[in-house]
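Q: Before I ask anything, here is the structure I am working with.
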Amino acid sequence: MRCCLLGHLILRSLSNSLSLVSGWKKSGDGDGDDDRFSLPTRDDFHPIDTQEQEELVRSLEKNQAQQSRLWRGVFAAILCCYSGFLIYSIYQQVLSPWELRSALLQFKHMFTININASFDCELYGYTKTQSWDENATDCCNWDGVTCDVLTGHVIGLDLSCSRLYGKIHPNSSLSQLSHLQRLNLAYNDFNGSRISYAFGSFARLTYLNLSNSAFSGSIPSEISHMSKLISLDLSNFLFDSQLRLEPLHFEILLKNLTQLQELALSRVNISSGLPDSIGYLKSLKFLHLTSTGLSGKLPDSIGYLKSLNYLSVRDCKLRGSILKSLRNLTQIRELNLFGNSFTGEVPYTLSNLKQLTLLDLSSNNFEGRIPVLAELTNLEYLFLEENNFTGPIPFNLSGLQNLRALYLSGSSLSGVIPPSLFTLPSLLYIDLSSNNLTGQIPEFQHHLPLRHLDLSDNKLRGPIPQSISLVNLANLNLASNDLSGVADLQIPKYIEDLVLSNTNLSVVARSNVNNTLPNLRYFDMSSCNIEVFPYFLRSSENLRGLDLSSNRIHGQVPNWVGLIGKASLGYLNLSHNILTGIKQLPWEKLHILDLRSNLLQGPLPIPPPLVGHFFISNNSLSGEIPSLICNASFLEVLDLSHNKLSGAVPQCLGNFSRVLSVLNLRSNGFTGTLPLAFAKPNPLQSLDLSENQFEGPLPRSLANCTSLEVLNVGNNKIDDTFPNWLESLPELQVLVVRSNRFHGPINTLTSKFSFPRLRIVDLSYNGFIGYLPGRYFEYFQAMKNSTTPNIQYMSDRAGYYHDSVTVTIKGNEIELVRILTIFTTIDLSSNNFSGEIPSAIGKLNSLTLLNFSHNNLTGHIPKSLGDLTSLESLDISSNNLTRRIPSQLTSLTFLAVLNLSWNCLHGPIPNGRQFNTFENGSYVGNLGLCGFPLSKECEDNRKKVQPSVLQHEEDDSDFDGFTWKIVVIGYGCGMTLGLFLGSLMFLIGRPRFFVKLAEREMPKKVIRLRRTIVDTVARRY
C-alpha cells in the first residue's frame, strides 16, 4: 500500500512540473505543416540576448531530466504495487502451521497400523505416526516430517517402514503439501492403491520413493511433470506387482525428467522395448529395470549415459548381442544382464569398463570362449553360469586380484582347471560345476581364503589334493566325478558342508589318524560303493544332514552312529543299502528318516516324535503296526509299503496327525476293515492301501479328505458299489479300485462339476454291470485339456515322496514308479458292462490309455475314437463289437498298442500310419476281417478290375460292389434270352453238334415230337 501511495504522490509532482514548460509552443508556418516545439522569438515577446537563451536552454534541460526521473518513479511505483499484490496472493495460499498439522493428521487417519505391512523392515521399522501429537500446534517436530527453517513449509515427509495399511485416496490431503521436496512412502501396504495424478502437482519434488508399498494400476503420465526429480523409485520386490507403465508414458517420462540421477522401476510391468529416449538422461547414475518385461534389443543410445554407475535389466526378455556402445559406460560399477536371451560372443570391449566391480551375464545364450577380463582389476564378482560357453577357462587370471566370487557353472567348458585360479588372494567362492572339465584338481596355495568350492558334475580324476586340507573351506562339493583315493585324510578340518557322492572315493572302517570334523553340518557320500560308515563322523556333534544312501553298507547300524548329531540331526538317509537292523533312533530333532530298500527285519521301529517324513518301504518288517505310531503327531508322510506287516490297521491312522498328507501301506498283509475315521478337515493328499486283504466297504469319511489327490485301494476284498460320493473331491486325480468286489451299475452324476481333476481311473476286474458311464466321460475336464500342462511328477508338497500306480498294457501289469501329470488313463476292463461305447469318449483328447476289454459291449466302434489324438494304447478286445474298423483310427499317430481281437468285426483293416505297424495279434478272433497284416485277402483284391472301374470306386466311397437288385435283373434277362435261343436251336436243328448231344439225353417221345414239329414247319416253308 505504501508503494501505491508513493506512486500517487509522484504522479501529482509530475502534473505540477508539466506547467513549468508552458512556454513551449508549436512553431511553424501558417499551413501547419511543421509541428515541433521551439524557443520563443523576439517577435513573440521582447528581444532576449544570448545569455538569456542559454539560461532558458539550461532550464529546459533540467525540466526534461526531472521529467525522466518522474517517469522512472511511476514505473517503479507500478512494479512495486504489482509485487506487493503478488506477494499478498502467495501469502494467502501458504498453509498456516495449523492447516499443515490438519493435513498431515488427515493423511494419518486414512490408515491402520499393521506390523505385517512393513515386514521387511524388522530391524529399523517403527510406526512414525504414533509420535504425531494431535494437540500440538507445530508439526515440524513430528517423526518423518521436515520443515524449512525460514518459511516453516513442510518440505520433506518420510513415512517409510511405518507399518501403514490402507488405501490412499486420489484427492488425499497429501496434495496440500505443495512445497514438498522429498517424499518417501516406501515399505508400507497401501492395498492396491493407485498412484494419484495429483503427484504431478509437486513441482518442487526432487526425491520420490513409493517402492514396495503395494501400489497397482497404471502409472499416471503426470509423474513426468515433476521436472526437478533427481530420484524416482517405484520398484516392488515384496508384493505381486500390479503396477504398469504404458510405453508412451515411459517415453514421455524419459524425455521430461532429464535431471534424473536414479531411476528404479523393478517389477513394474513395462512390456515394451527400452526407448531411445533413455539417452536423454545424461545425469543418470542408477538404472534398475529388473523383471520389467522389457523386450527387444538394448538401444544404442544407452551408450550416452556416461555417468551411469549401476545398470540392471535382470530377468527381462531382451535379446540380441551385447552392444559395443556399452564400452562407453566407463564409470559403470555394476552391470547385470542376468536371465535374458542375449546371444553371440561376449565382446572383448567389456575390458574397457575399468571401474566394474560386478559383472553378471548368467542365464543367457552366450557362446564362444570366455573373453580375457584380466584388465578389470577392480572386478569382485563375475557370474557367467548357465550359458553355452565352450573352450578352456582363460589361464591369464593374475590381474583379478580383487576377485571374490567366480561362477562358471552350467556351460560346456573343457580343458583343465587353471592352476592360477587357486592363487588369487581374495577369492572366496568358486563354482565350476556342470561342465566338461578334465584332469586333476590343482594344488591349493597355503592360507587361501577360499570358503566355497563346487567342482561337481565334471570329468575330473585322480585324488583330492592334500593341500586342500590347508584351506579354510566351509563348503566343498566334488560329486559326480571320477575321483579316487581315500577321503578320510584330505578333508579340511573345519568343513561345514561336504558332498562327495557318486565318486570312487573310499573310507576306512577305523582310522588311527585323529581326523575329526567338529563343524560338519551336512555330509553326502551317496553312490560311492562304500561298505562301512565313515569313522571320521564319530565326533560330528553338530551334524544336521547325513546321506549315505545307495552304497553297500551292510549289517547292523553301529551304536556310535546314534551319537552323531544327537541333538541336531534333522535329515538321515540310509536307503538302498544292505542294512539288517537298527537298534535305536535317538535323534531328537530328526525330521526326515529314510530307511527304504534295505533288509531290515523284525517289528516296525517307532520314529522319533518330531519326524515328519518316515520312509521304511521295501524291507522285510513283520508283525502289526504298534499303537505307539498314533503318538507321531507331526508325521506328514508315512510309507510302510512292500513289507510283511500284517494284522489290523490302527483306527487312529485316519486322524492321528493333523498334517499327514501321505499314507502308503501298499503290498503288505493287512486284514480287516479300512480305517473309518477320517476327520474333517483332513490334509490327506495320497492314500495307497492296495495289495492287501482289506474287506468291507469304503469308509464314507473319505469325503472329508478334500485335499485327496490319489486314492488306491486296488487288489483287496472290498465289497461295495461305485463310490460316486467321491465326485465332490475337488483335487482327486487318481482313482484305483481294481481287483476288488465292487458291483452294480455306475450311477449317473449329480453335478456337472464332478471329478473335475480326475486323470487316472481304474475300475478293472470287478463286477460292475450296466452301460458304460457316458455322462462321466463328458465331465472329466482334466482329460480334455488341449494345452500341455507343466510336466512334472505327482509328489507330496515337499517333493520327497512320489506316487506310483499299476497299469495294464497288452495284458501285462506294469508299475509306474512315478506318475507324470500328463498321464491319463481309463481302464474299465474285465467287468460286465454292456451296450455301446459312448461317442462322448472322443471328447477326452488328452487320454493316453483306454481299456474296455473283456466286457459284453455291442454295436460298432465309434468314429469319435479318432479324436483321441494323444492315445497311445487302445484295448477293446473280447467284446461283441460288430461292423467295420473306422478309418478315422488311422489319425491316431501316437498309437503304439492296439488290441481289437475276439470281436465280430468284418471288412478290410484300414491302412496307413500306425496301422501299418500292428501285427496279427491285434485282430485275431475276427473272422470277417481281411487285409494287411492278416493272410486273408479282401474280395476287392482278388479281382482285376479295369482302371476306370477302380477310379470310379475310389471316387465313390459309398459303392459296396454288386447289390441284390443288379443280380436279380441280370438273372431274369439271361434266363429269358437263354430259353428263346435254346428253343430256336432245337427248331432249326443247328448247330447239329449241340442237337445230337441233347438228343442222346432226351426221351424218345420228345424226339418224335420234335421231328413232327420240324416236318410241319418244313412243309409250310
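The values are calculated or read from the model by the stated rules, or taken from the named source; none is laboratory data. Note that this is a predicted model, so its numbers are computed, not measured. Counting neighbours? That spans all protein chains shown, and the Cβs are built from the backbone with ideal geometry, glycine included. Please note that ligands, DNA and RNA were not included when accessible areas were found on the heavy atoms of the full protein model with its side chains. Shrake-Rupley method; radii C 1.70, N 1.55, O 1.52, S 1.80 Å.
Q: Determine the shape class of the stretch 336-484: with a ≥ b ≥ c the square roots of the Cα gyration tensor eigenvalues, call it rounded for a/c under 1.5, and otherwise prolate if a/b is greater than b/c, oblate otherwise.
A: Details: a/c = 1.95, a/b = 1.32, b/c = 1.47.
Note, shape of the stretch 336-484 comes out oblate.
Q: Rounded to the nearest 0.05, what FRET efficiency do Ala679 and Glu345 give with R0 = 41 Å and r taken as the Cβ-Cβ distance? Could you check? It would help to have the intermediate numbers written out before the result.
A: On the way: r = 62 Å, r/R0 = 1.52.
Calculated transfer efficiency: 0.05.
Q: Right, next: Considering amide H positions built from the backbone, and no H for Pro or chain starts, which residues 5 or more places from Asn269, or on another chain, come under 5 Å of its amide H?
A: Distant-sequence amide H within range of Asn269: Leu243, Arg244, Leu245.
Q: At a 1.4 Å probe, what is the % contribution of carbon and sulfur to the accessible area of the stretch 124-194?
A: 45
Q: When the label point is put 7 Å from the Cα of Ser321 along its Cα-to-beta-carbon vector, which residues of the stretch 345-370 have a backbone N closer than 17 Å?
A: In the stretch 345-370, the label zone of Ser321 (backbone N under 17 Å from the point 7 Å along Cα→Cβ) covers 345-352, 365-370.
Q: Then there's this: On average, how much accessible surface per residue is there in the stretch 110-221, in Å², for a 1.4 Å probe, leaving out ligands, DNA and RNA?
A: Counting only protein heavy atoms, the per-residue value for the stretch 110-221 is 45 Å².
Q: Distance check, please: which entries in Lys128/Lys282; Lys255/Lys297; Lys167/Lys317; Lys493/Lys566; Lys255/Lys354 exceed 26 angstrom between their Cα atoms?
A: Lys128/Lys282; Lys167/Lys317; Lys255/Lys354
Q: For Asn502, which sequence-distant residues (separation of 5 or more, or a different chain) have an amide H within less than 5 Å of its own amide H, given hydrogens modelled in the peptide plane?
A: The list, which skips near neighbours in sequence, is Ser480, Ser526, Ser527, Cys528.
Q: For the residue pair Tyr429 and Asp120, what label-to-label distance in nm results when each label sits 7 Å from Cα along the Cα-to-beta-carbon direction?
A: Distance between the two pseudo-spin positions: 1.9 nm.
Q: Another question about this same structure. Among 246-252, 220-226, what's the highest-first ranking by average C-beta atoms within 10 angstrom per residue?
A: By packing density, highest mean first, the sequence is 220-226, 246-252.
Q: Can you tell me how much longer the chain between Cys630 and Gln584 gets when fully stretched, taken as 0.36 nm per residue apart minus their C-alpha distance, in nm with one decimal?
A: Numbers: separation 46, 0.36 × 46 = 16.56 nm, distance 1.88 nm.
Contour length minus the Cα-Cα distance gives 14.7 nm.
Q: Using a 7 Å offset from Cα along Cα-Cβ at Trp560, what residues in the stretch 578-604 end up with backbone N under 18 Å from the label point?
A: Label zone hits: 583-584, 586.
Q: Starting from the 7 Å offset along Cα-to-Cβ, what nm value, one decimal, do you get for the label separation of Gln259 and Ala896?
A: 7.0
Q: Relative contact order, percent, of the stretch 116-263 when contacts are C-alpha pairs under 8 Å separated by at least 6 residues?
A: Over the stretch 116-263, the number comes to 17 percent.
Q: Work out from phi, with θ = phi - 60° and the Karplus expression 6.51 cos²θ - 1.76 cosθ + 1.60, the ³J(HN,Hα) of each residue of the stretch 586-595, listed in order in whole Hz, and give x for Gly and Pro.
A: x, 6, 6, 10, 5, 10, 10, 10, 10, 10
Q: While we're looking at this one, here's another question. Based on the Cβ-Cβ distance from Lys863 to Ser201, what FRET efficiency comes out when R0 is 56 Å, to the nearest 0.05? Don't jump to the answer; show the numbers that get you there.
A: Details: r = 70 Å, r/R0 = 1.24.
About 0.20, to the nearest 0.05.
Q: Karplus couplings for the stretch 710-716 from phi (6.51 cos²θ - 1.76 cosθ + 1.60, θ = phi - 60°), rounded to Hz, Gly and Pro as x?
A: Running phi through 6.51 cos²θ - 1.76 cosθ + 1.60 with θ = phi - 60° gives 10, 10, 10, 10, x, 6, 10 Hz.
Q: Can I ask one more? Take peptides 115-122, 547-554, 204-211 and line them up by average Cβ neighbours within 10 Å, highest first, as a rough protection proxy.
A: Per-residue Cβ counts within 10 Å, averaged per peptide and sorted highest first, yield 204-211, 547-554, 115-122.
Q: FRET efficiency for Tyr771 and Ser271, Cβ-Cβ distance as r, R0 = 51 Å, nearest 0.05?
A: 0.45
Q: Enumerate the calculated ³J(HN,Hα) couplings along the stretch 541-548 in order (Karplus 6.51 cos²θ - 1.76 cosθ + 1.60, θ = phi - 60°), each rounded to whole Hz, writing x wherever the residue is Gly or Pro.
A: Karplus-based 3J(HN,Hα) across the stretch 541-548 equals 6, 9, 4, 10, x, 9, 10, 10 Hz.
Q: Also, quick follow-up: Please list, in chain and number order, the residues 5+ apart from Ala632 or on another chain whose amide H is under 5 Å from its amide H, with Hs placed from the backbone.
A: For Ala632, no residues qualify.
Q: Taking 0.36 nm per residue of separation and subtracting the Cα-Cα distance, what length does fully extending Glu99 through His447 add?
A: Full extension from Glu99 to His447 adds 118.6 nm.
Q: With the cut-off at 1.5 for a/c, could you classify the stretch 812-867 from its C-alpha gyration tensor as rounded, prolate or oblate?
A: Verdict is oblate for the stretch 812-867.
Q: Quick check: residue separation of Lys228 and Arg913 times 0.36 nm, minus the Cα distance between them. What number comes out in nm?
A: 239.5 nm
Q: Now, a different point. Hey, what's the stretch 635-689 come to in accessible area per residue, 1.4 Å probe, Å²?
A: 33
Q: A follow-up question, please. When only C-alpha pairs under 8 Å and at least 6 residues apart count, what is the relative contact order of the stretch 293-403, in percent? Numbers along the way, then the final one.
A: Working: 275 pairs, mean separation 23.0, N = 111.
This gives 21 percent for the stretch 293-403.
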